[in-house]
Amino acid sequence: MNTQFWLVQAFNGISYGALLFLVGSGLSLIFGVMRIVNLSHGSYFLLGGYVALSVIHTTGSWALSLPVAALAIAAVGIVMERLFLRSGGALARVRDAVIAFGIALVFRLMIGRILPQIIPGPLGSIVQLALVTAIIAVPVYFLLRRISAIPIETDVLRQVLLTVGFAFLFQQAALDIWGGNNMDIVPPAELTRSVVVGGIYLPLYRIFMIAMAVAIGIALWLAMEKTRMGAAVRATVDDAQMARGVGIDTNRISMFIFALGAFLAALGGVIGGAFLGIYPGLDFEMLPLAFAVVIIGGMGSLGGAAIGALAVGLADNFGKALFPEVSYFTLYAPMVLILAIKPTGLFGRD
Amino acid sequence: MGTQRIKILIVAVILVALALIVPKSGSFVVLLATRAMAFAIVAMSLDILLGFTGLASLGQAAYFGVGAYLCAVLATKFHFGLGWDFWIVVVLGILIGMALAAIFGLFAIRASGVYFLMITLALGQCVWGLAYRWNSLTGGDNGINMSGRPNFGLDLSNEVTFFYLVLAFFTVSLLLLYLLVRSPFGKSLAGIRERELRMQILGYNTWLHKYIAFIIAGGFGGLAGVLWAQTNGHVSPETVVLTTSVDALLMVVLGGAGTLVGGAIGAAIVFGLREYLSTLVPWWQYVLGGVYVLTILYLPTGLMGIPERIRQARARSKKEPSQSGDAKKLASVPS
């Protein structure tokens, strides 16, 4: 263990921290604004990687896959937040319709599987599937309207559980669409080279990751500190009720932040997919790490997320290199201590 | 009081029916029921925290896991617990669950709400990390394969005999937990759930109450872990992974938090759906995820809450028969 070992490990840790910053900062902002822990954040990471794989597969462009995947998952985040993390409003009907359609489709497919003779296919099978599904969906829709969702906005536990339910749905969707194999995102050849600095080989890709995280971090910081929207977000983090009182549309802000969080996580998935790989189960592996970042850094604090990401990246790397048998323990035990001493995290505001 | 007796009677009838019907339904059902009942004990122990004390724990798999690993390590490394000393392992499993909860509780009980959720998650991850990485003790990712179940006159390698044993443990756990929540201690837990500050003002040491509840839940988790290890003959980090804790939490919510049997019903439904659907369609997890989302959105009190919701709906429509249409419209669109 010479200086070179320490330098290489530190570099690896910092670049891993850069990746964790992308995942953790979104989770932190979502917590700050909405007071919920988004347990489907790991899924956004995984789905981002998968969407990027598809984009690369069809267009061959890695650079294009970054924005496309991030925007696609941001859209998923918006739909989830608008339709499911709030109960009332005009969109309640849309949500009930979506759910009714989903139930009807499952029902129809189940009937087809268990009793194939009940529904013979006189029409084209897709048309028949759509027709039968629609016929089942209508009564289900009216039943759901009658039951009506119990308001969920103020119930943090139910919101959190709902995001877990979605994490399971996303997991299955990813398995269905992309299969169960371990896949790799291959970055362009220019980024796979290494540069030699002072006798140490540094992969260019890891330098790119750090640069990307720094750029995004600065952009986020500027947006939060210098723009009107950022001020509104900060006000909502500090005191949502007061913010509403002075005329800030916290409803819109929570949608915006949720989309931003999903965007960043998906971006992390695309970037991280090149050296972690993209495989089923990655979602629930990233989630606790993102948690560690948020907890160490403090919830709702961008600077805290950066420090937390660095700390977790370094702790993870050095832990695995120095004490492989207890490496995860050395990562999560400090997290417990921090939470026990200061529940809002090291840099969190109460 | 009358309805309470009827409820107990229903549960007793179901248990007797299980004991009579399951052994005759083939080895697949026997194993399924055994696994569901072993896991139902964790779900019920979690209900003590979630439903009766108002603490949502995302780390219940930790106690389950240490119980399971204890059983597996003793059996494979020390050949202990293969005969009558299985009962010692059961006691040790309960004790190690309680001991771990006693340590973790010192960190966790201070927090509440989402913070409690996160700290229990972190604690659960600590245990998972050790199970996953501590190769020399836990076998790392591969886990530990156990060779056969104990035999102490009763040969537990017989699936039906083992089913009866787990059913007995399940019944005793249900009974003990029921007595716990009906006791004055259980009542004060409910008081803490409703309004902790008021309980403090009344002079209750709410921290100690929550701490004891946490330890009791850990003990039952450890017991369930021992049974789980013996059921599967294999223990791996899967046992302590985050999704296992999440599963237990969702089972309780699905069945109905604060009802005790809700956790068991949730476990039965989840295990049943999983095994049955996975033989039927490859996309079974959509159904499970969908059931979770629907329950949380439309039935926050769980399946056990359905009668109450129907009663409420009836009372509402009786009260305003003339303008029930308008009332419904208002109720469904909260401002």
Taking region B:297-312 and the residues there that are surrounded by 12 or more Cβ atoms within 10 Å (Cβ to Cβ) and more than 24 Å from A:Val98 (Cα to Cα), the one that is farthest from the other protein chains (Cβ to nearest Cβ) would be B:Met304
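B:Ala257: more than 10 Å from chain A (Cβ to nearest Cβ), of a type in the set (A, V, I, L, M) and either in contact with a Gly (Cβ under 9 Å, 6 or more places away or on another chain) or closer than 28 Å to B:Gln125 by Cα (or both), yes or no? Walk me through how you get there before you give the answer.
Details: more than 10 Å from chain A (Cβ to nearest Cβ): no; of a type in the set (A, V, I, L, M): yes; either in contact with a Gly (Cβ under 9 Å, 6 or more places away or on another chain) or closer than 28 Å to B:Gln125 by Cα (or both): yes.
For B:Ala257, the condition - more than 10 Å from chain A (Cβ to nearest Cβ), of a type in the set (A, V, I, L, M) and either in contact with a Gly (Cβ under 9 Å, 6 or more places away or on another chain) or closer than 28 Å to B:Gln125 by Cα (or both) - is not met.
Within region B:103-127, track down each residue that is more than 7 Å from chain A (Cβ to nearest Cβ) and either modelled with pLDDT of 85 or more or under 13 Å from B:Tyr69 (Cα atoms) (or both). Lay out the reasoning, then the answer.
Filtering region B:103-127 down to residues more than 7 Å from chain A (Cβ to nearest Cβ) leaves B:103-106, B:108-109, B:112, B:116, B:120, B:124, B:127.
Residues satisfying the conditions are B:Ile103, B:Phe104, B:Gly105, B:Leu106, B:Ala108, B:Ile109, B:Phe116, B:Thr120, B:Gly124, B:Val127.
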Inset, instruction - Tell me, yes or no, whether region A:82-91 has at least one residue that is modelled with pLDDT under 85, buried (at least 19 other Cβ atoms within 10 Å of the Cβ), assigned to a helix (DSSP H, G or I) and of a type in the set (Phe, Trp, Tyr). - result: yes
Taking region A:324-350 and the residues there that are free of Cβ contacts under 8 Å to residues at least 40 places away in the same chain and touching a Phe, Trp or Tyr at 6+ places or on another chain (Cβ under 8 Å), the one that is surrounded by the most Cβ atoms within 10 Å (Cβ to Cβ) would be A:Tyr328
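Just to check your reading of the model, which residue among B:Leu82, B:Leu74, B:Leu100, B:Leu95 is more than 11 Å from chain A (Cβ to nearest Cβ), modelled with pLDDT under 85 and at negative phi?
Details: B:Leu74 fails: modelled with pLDDT under 85; B:Leu100 fails: modelled with pLDDT under 85; B:Leu95 fails: modelled with pLDDT under 85.
Going through B:Leu82, B:Leu74, B:Leu100, B:Leu95 in turn, the sole match is B:Leu82.
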Exactly one of A:Asp176, A:Asp155, A:Asp184 is surrounded by fewer than 19 Cβ atoms within 10 Å (Cβ to Cβ), touching a Phe, Trp or Tyr at 6+ places or on another chain (Cβ under 7 Å) and charged (D, E, K, R), and that one is A:Asp176
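Answer with yes or no whether B:Leu227 is in a helix (DSSP H, G or I) and either free of Cβ contacts under 8 Å to residues at least 40 places away in the same chain or within 11 Å of chain A (Cβ to nearest Cβ) (or both).
On the way: in a helix (DSSP H, G or I): yes; either free of Cβ contacts under 8 Å to residues at least 40 places away in the same chain or within 11 Å of chain A (Cβ to nearest Cβ) (or both): no.
Against the criterion (in a helix (DSSP H, G or I) and either free of Cβ contacts under 8 Å to residues at least 40 places away in the same chain or within 11 Å of chain A (Cβ to nearest Cβ) (or both)), B:Leu227 does not qualify.
Let's see how each residue does on (1) assigned by TED's automatic domain parsing to the domain that holds B:Val226; (2) charged (D, E, K, R); (3) not in a helix (DSSP H, G or I):
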| site | (1), (2), (3) |
| --- | --- |
| B:Phe64 | yes, no, no |
| B:Phe80 | yes, no, yes |
| B:Trp84 | yes, no, yes |
| B:Arg110 | yes, yes, yes |
| B:Thr120 | yes, no, no |
Those residues of region A:1-40 which are farther than 24 Å from A:Ala235 by Cβ, assigned to a helix (DSSP H, G or I) and polar (S, T, N, Q) amount to A:Thr3, A:Gln4, A:Gln9, A:Asn12, A:Ser15
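Restricting to region B:239-287, what's the tally of residues that are part of a helix (DSSP H, G or I) and either among the hydroxyl-bearing types (Ser, Thr, Tyr) or not assigned by TED's automatic domain parsing to the domain that holds B:Ala43 (or both)? Break it down stepwise before answering.
Residues of region B:239-287 part of a helix (DSSP H, G or I): B:239-240, B:242-255, B:261-280, B:284-287.
Retained after the next criterion (residues that are either among the hydroxyl-bearing types (Ser, Thr, Tyr) or not assigned by TED's automatic domain parsing to the domain that holds B:Ala43 (or both)): B:239, B:243-245, B:276, B:278-279, B:286.
The qualifying residues number 8.
Would you check if B:Leu58 is part of a loop (DSSP other than H, G, I, E, B) and closer than 29 Å to A:Val164 by Cα?
Working: part of a loop (DSSP other than H, G, I, E, B): yes; closer than 29 Å to A:Val164 by Cα: yes.
Answer is yes for this residue.
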Given (1) without any contact (Cβ under 8 Å) to a residue 60 or more places away in the chain; (2) surrounded by fewer than 24 Cβ atoms within 10 Å (Cβ to Cβ); (3) more than 23 Å from B:Val11 (Cα to Cα); (4) within 14 Å of chain A (Cβ to nearest Cβ), B:Thr244 misses just (1)
Some residue of region A:41-52 being over 13 Å from the mean Cα position of the chain (by Cα), farther than 30 Å from A:Thr163 by Cα and part of a helix (DSSP H, G or I):
no
For region A:1-25, pairs from a residue that is free of Cβ contacts under 8 Å to residues at least 40 places away in the same chain to a residue that is not hydrophobic (A, V, I, L, M, F, W, C), with Cβ under 7 Å and 6 or more apart or across chains, are none
If we ask which residues in region A:187-236 are part of a strand (DSSP E or B) and among the aromatic types (Phe, Trp, Tyr), their number turns out to be 1
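Can A:Asp176 be described as away from chain B (no Cβ under 14 Å) and within 21 Å of the chain's Cα centre (by Cα)?
On the way: away from chain B (no Cβ under 14 Å): no; within 21 Å of the chain's Cα centre (by Cα): yes.
When the stated conditions are applied, A:Asp176 does not pass them.
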Tell me, please, whether a residue that is facing chain B (nearest Cβ under 10 Å), surrounded by 16 or more Cβ atoms within 10 Å (Cβ to Cβ), farther than 30 Å from A:Val270 by Cβ and without any contact (Cβ under 8 Å) to a residue 12 or more places away in the chain can be found in region A:117-139.
no
Of the listed residues (A:Ala305, A:Ala321, A:Ala315, A:Ala309), the one being touching a Pro at 6+ places or on another chain (Cβ under 9 Å) and either in contact (Cβ under 8 Å) with a residue 60 or more places away in the chain or crowded, with 20+ Cβ neighbours inside 10 Å (or both) is A:Ala315
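The values are calculated or read from the model by the stated rules, or taken from the named source; none is laboratory data. The structure displayed is predicted, hence computed values, not measured ones. Note that we place each Cβ from the backbone using ideal geometry, even for glycine, and neighbour counts take in every protein chain shown.
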